[in-house]
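Taking it in order: structure first as structure tokens, then the write-up.
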Amino acid sequence: MSVKMAVHSYSKEKLNCAQSILKAFSHRKDITQSEIDAARMLGGGKAAGGVCGALHAALLLHDDLEKKKAMREMFAMRAGSEHCREIRAKRLVTCAQCVELAARLLESESSGD
């Protein structure tokens with residue numbers, strides 16, 4: 001359900017990639033609306049280190065370093081990179097697909113918690 005919500009937030013509500021993930025999974029860490037609003041600054045390659053905003057937001061929702069590492073690796077394998085500009089340059093996936101991918105990875109990780 002959270003995957004559909006993330007994709008909907010990105011495509012229909014016009015939230016950016018990071019905001020879409022935070023909104024869809026806000027229940028995991030009691031993310032507030034003001035935190036979701038503040039994530040506007042994380043889209044378009046502006047997250048720390050140029051990481052995809054969707055991946056960055058998903059990583060924020062995890063405390064386990066091993067799970068974060070696995071999520072980064074899986075995301076990069078499927079998207080071609082974990083960095084927004086590289087993902088866009090390679091054109092293997094769209095931004096909407098990055099949101100879906102990050103949401104699916106987060107959802108699969110949460111089912112193992």
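Please treat every number below as a calculation from the coordinates, not as lab data. Please read all numbers here as calculations on a predicted model, not as lab measurements. Please note: Cβ atoms are built from the backbone with ideal geometry, for glycine as well, and neighbour counts cover all protein chains shown.
Note on residue 72 and residue 30: the extension gain reaches 12.8 nm, defined as 0.36 nm multiplied by sequence separation minus the Cα-Cα distance. Amide H to amide H, with H built 1.01 Å from N, residue 51 comes under 5 Å of 84, counting only residues 5 or more places away or on other chains. Packing-based ranking of 61-70, 38-47, 17-26 yields 17-26, 38-47, 61-70, ordered from highest to lowest mean Cβ neighbour count within 10 Å. Using only the alpha-carbon atoms of the chain as identical scatterers, what base-10 log of I(q)/I(0) does the Debye formula give at q = 0.09, 0.14, 0.23 Å⁻¹? For the chain at q = 0.09, 0.14, 0.23 Å⁻¹, log10 I(q)/I(0) is -0.18, -0.46, -1.34.
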